[in-house]
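Colleague: Handing you a structure now.
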Amino acid sequence: MPKIVSHLWFAKEAREAVAFYVSTIPNSTISGETAVPAETPSGPPGSVKVIEFTLEGQNFIALEAGPLDPFNHAFSILVECDSQDEIDRIWDAFLANGGEAEQCGWLKDRWGLSWQIAPRVLGEMISSPDRDRAKRATEAMLGMVKVDIAALERAFNQSN
């Protein structure tokens, strides 16, 4: 395990959430699951679960330990996609599993965790040295719910 790992606290259903994440994001696995063997502030021995997993090579730990603080937009997971098909597949899977669409490629999964499902090319467009093109792409993205690569490219490549 690397020194820095994102840690996600779930009130309940951490195993279900992690199983969904690894089945939806390619090249993802669950690497371990442990029931904490001691009494904790969250409950008796065995009631707190720790699940280690990776999503596309990024390490995470999910802790199921009862309610504490809900997830919010201050933390999100960005999935950079290489095609519209990949965006559509992941987006649709999250919505079909109880997620809620938000603006600009963001969605909230059924456990309340925020995700950004965005094309890799969006970052390239926004950071373009041609600031007019970057602005057009950004403005197009700001008007979207699910990101549409073709519409971004049209806006980015639009001639003045």
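Colleague: In the set ILE30, ILE90, which member is touching a residue at least 60 places away in the same chain (Cβ under 8 Å) and touching a strand residue (DSSP E or B) at 6+ places or on another chain (Cβ under 7 Å)?
Modeller: Selected residue: ILE90, the only one of ILE30, ILE90 that is touching a residue at least 60 places away in the same chain (Cβ under 8 Å) and touching a strand residue (DSSP E or B) at 6+ places or on another chain (Cβ under 7 Å).
Colleague: Same structure again: Output the residues belonging to the stretch 134-151 that are of a type in the set (A, V, I, L, M, F, W, C) and either over 19 Å from GLN103 (Cα atoms) or over 21 Å from the mean Cα position of the chain (by Cα) (or both).
Modeller: Within the stretch 134-151, ALA134, ALA137, ALA140, ALA150, ALA151 meet the criteria.
Colleague: Restricting attention to the stretch 124-160, which residues are surrounded by fewer than 12 Cβ atoms within 10 Å (Cβ to Cβ) and either touching a residue at least 12 places away in the same chain (Cβ under 8 Å) or not assigned by TED's automatic domain parsing to the domain that holds ASP92 (or both)?
Modeller: ASP132, GLU139, LEU142, ALA150, ASN157, ASN160
Colleague: Across the stretch 102-123, what is the number of residues that are among the β-branched types (Val, Ile, Thr) and part of a loop (DSSP other than H, G, I, E, B)?
Modeller: Result for the stretch 102-123: 0.
Colleague: Does the stretch 88-99 contain any residue that is out of contact with any Cys (no Cβ under 9 Å at 6 or more places or on another chain), outside the structural domain of LYS146 (by TED's automatic domain parsing) and assigned to a loop (DSSP other than H, G, I, E, B)?
Modeller: The answer is no, given that none of the residues of the stretch 88-99 is out of contact with any Cys (no Cβ under 9 Å at 6 or more places or on another chain), outside the structural domain of LYS146 (by TED's automatic domain parsing) and assigned to a loop (DSSP other than H, G, I, E, B).
Colleague: Filter the stretch 35-51 for residues that are of a type outside the set (Lys, Arg) and under 12 Å from ARG15 (Cβ atoms) and give the result.
Modeller: Selection gives ALA35, VAL50, ILE51.
Colleague: Identify, please: which residue in the stretch 101-133 is charged (D, E, K, R) and farther than 22 Å from ASP85 by Cα and is, among those, nearest to the chain's Cα centre (by Cα)?
Modeller: Among residues in the stretch 101-133 that are charged (D, E, K, R) and farther than 22 Å from ASP85 by Cα, the one nearest to the chain's Cα centre (by Cα) is ARG110.
Colleague: Here is a follow-up. Does PHE75 meet the test of being outside the structural domain of GLY112 (by TED's automatic domain parsing) and of a type in the set (A, V, I, L, M, F, W, C)?
Modeller: So PHE75 fails the test.
Colleague: Moving on to the next point. Being in a helix (DSSP H, G or I), in contact (Cβ under 8 Å) with a residue 12 or more places away in the chain and farther than 23 Å from GLU80 by Cα, is that true of even one residue in the stretch 34-43?
Modeller: No, the stretch 34-43 has no match at all.
Yes/no matrix, rows are residues, columns are (1) in contact with a Ser or Thr (Cβ under 9 Å, 6 or more places away or on another chain); (2) basic (Lys, Arg); (3) assigned by TED's automatic domain parsing to the domain that holds ASP109; (4) under 21 Å from TRP91 (Cβ atoms):
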residue: ILE25; (1), (2), (3), (4): no, no, no, yes
residue: THR34; (1), (2), (3), (4): no, no, no, no
residue: PRO37; (1), (2), (3), (4): no, no, no, no
residue: GLY43; (1), (2), (3), (4): no, no, no, no
residue: LYS49; (1), (2), (3), (4): yes, yes, no, no
residue: ILE61; (1), (2), (3), (4): yes, no, no, no
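The values are calculated or read from the model by the stated rules, or taken from the named source; none is laboratory data. No experiment lies behind these values; they were computed from the predicted model shown. Quick reminder, even Gly has a Cβ in these numbers, built from the backbone with ideal geometry, and neighbours come from all protein chains shown.
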